[in-house]
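Below: the structure, in structure tokens.
No value in this document is a laboratory result; all are computed from the given coordinates. This structure is a prediction, so every number in the text was calculated from the model and none was measured. Reconstructed Cβ throughout: ideal geometry from the backbone, glycine too, with neighbour counts over all protein chains shown.
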Amino acid sequence: MKTAAICAIGDEILIGQIVDTNSSHIARALNSIGVRVGGISSIGDDRGRILSHLDNLLKENDIVMVTGGLGPTKDDITKEALATLSGAKGTRRSEEQMAVIESILTRRGIAMLDINRAQADVPDTANVIVNRLGTAPIMEFIFPEGGKYGHKAALYSMPGVPYETIGALDDVMAAIKAQFPLDEILHRTIGTFGLAESVLAKKIEAWEDALPDYLHLAYLPNSIYGVRLRLSCYGAHDAERKKALDSAVAELYDLLGSYIYGEGSDTLQTVIPRLLQCPPDAAYQETISVAESCTGGLVSNLLTSVPGSSVYYKGSVTSYANEVKMNLLNVPEEVLEQHGAVSRECAEAMARGVAILLDTDWSVATTGIAGPGGGSEEKPVGTCWVAAAHRNPFSGEIEVASKCIKSASASREVNMQRFASNALNLLRLLMQQKLL
């Protein structure tokens, strides 16, 4: 299997001025064509360090992907360093890239300067992959078998502007496939929720230990998505290996049951509408409402981030104050006096109240302490009650499920994310219980 390293160049990355998102996009693209990424690094705008670092990466890898440092200004020195690294004797002009530069500057009403023209000049050792979205050409350098690095190696230099890099990935991946015979990698990503990473790992330990060496498991924890399990099959052109991947995933479903909520890019907020009885041509379309306190609208934001959510999402009440809980959601005053706002009784009353207020079939509610202040010994920061309700549209009877969440995080943001995702997961579980 061919291996690759990714290197982002730029002082702005090292001082935290910008976040390197290019590397993640490049890594995904490489994996999709069967190239294993062995490392991602960042270095500053220093010619000597660029030369030394890239030289070492090319010694150890078949493919090196470089992003950044290709602009028109004097601090963009990647092209000069690559000319030295590849033994260039001079430069040549890419007329195709020059045409793109002229078109971009004309559309922007900017006069052509010498530094703009110079961007179309590349080392004579480089093959040009035209950057159709920007002015800096993408360069391919091929180091032949038995040459400088012993093995065949290729370096691809891409622009630092993310949308330009993303837009060029298909062309660059095609160039890589033209240079190297590649194995196929298949990924199956299983979304789980409700088990901490360590507990999940223990639960599937025997299954994981029994995986063949061409199947690799990765744990991808996230405060909103839960723990995703990515199972990668290397050499997936082999039919038996594909069959083994499918079999391993089926075993995982048997082991985890309702802890699994979906696959691939599924999220809790995207699987919920699939559980609803709300196809566009249905005679009756089920609906959802939300009552939030400690999550401040985050549950609603997650639900409405899904295209088409207006079909089933009716609205929400963000009821921070107790008087809003009482006056809008009909939470009884005695519930607040006896049990407090952060309680099972209050969460369940909120879920019932918003379902009635907004006339929905389903509802979900949150009430808790996100922090950093406001906690007590009895109800510390990170405590939250979530409730989900189903309201029968014919009888009006309401069934409610509730759960107490304990988040150990000191971060208000993380606590809110955990509360919101647990609320959606409880709603999902209630839906599965009632509908499946």
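For this structure, a couple of remarks:
- Partners for LYS403 among lysines (Cα-Cα distance below 23 Å; same-chain residues under 8 apart left out): LYS203, LYS325, LYS379, LYS434
- Environment charge at THR67 (Cβ cut-off 10 Å; Lys +1, Arg +1, Asp -1, Glu -1): -2
- The range 3-179 shape via C-alpha gyration tensor axes, a/c threshold 1.5: rounded
- Most positive-pole-ward Cα, ILE204, ILE166, ILE63, against dipole of the chain from beta carbon charges: ILE63
- Where labels lie 7 Å past Cα in the beta-carbon direction, separation of ILE15 and ASP55 in nm: 2.8 nm
- Share of pairwise Cα separations in the chain, more than 42 Å, in percent: 36 percent
- Per-residue Cβ neighbour rank within 10 angstrom, fewest leading, THR3, THR367: THR3, THR367
- Structural descriptor for the range 48-116: relative contact order 25 percent, calculated from alpha carbon pairs under 8 angstrom and at least 6 residues apart.
- Dipole magnitude for the range 3-179: about 240 debye, using +1 per Lys or Arg Cβ and -1 per Asp or Glu Cβ, origin at the Cα centre.
- Calculated diffusion of the range 342-410, Stokes-Einstein form, Kirkwood radius summed over Cα pairs, 20 °C and 1.002 mPa s, µm²/s: 171 µm²/s
- Relative frequency of Cα-Cα separations exceeding 30 Å in the range 269-435, percent: 12 percent
- Between GLN433, LEU268, HIS237, the Cα set farthest toward the positive side of the dipole of the chain (charges on each charged residue's Cβ, about the Cα centre) is that of HIS237.
- Straight-line cross-link reach from LYS152 at under 28 Å between alpha-carbon atoms covers these lysines, not counting any fewer than eight positions away in the same chain: LYS2, LYS59, LYS79, LYS89, LYS177.
- Within the chain: Cβ-based charge dipole about Cα centre, in debye rounded to nearest 20 (Lys, Arg +1; Asp, Glu -1): 360 debye
- Selected from GLY264, GLY38, GLY90 as most flexible by GNM, with the chain as the system and alpha-carbon contacts under 10 Å: GLY90
- Extension gain, TYR163 back to TYR253 (0.36 nm per residue minus Cα-Cα distance, nm): 28.7 nm
- Rounded if a/c under 1.5, otherwise prolate or oblate - the range 187-280, Cα gyration tensor axes: oblate
- A dipole drawn for the chain from +1 and -1 charges on Cβ atoms has a positive end, and of SER293, GLN97, ALA341 the residue lying farthest that way is GLN97.
- By definition, a body whose alpha carbon gyration tensor gives a ≥ b ≥ c is prolate when a/c is 1.5 or more and a/b is larger than b/c, and the range 37-126 fits this prolate description.
- Label-to-label distance, ASP46 versus ASN31, with points set 7 angstrom from Cα along the beta-carbon direction: 3.2 nm.
- Taking the chain and dividing mean pair separation by its residue count, relative contact order in percent (alpha carbons under 8 Å, at least six apart): 10 percent
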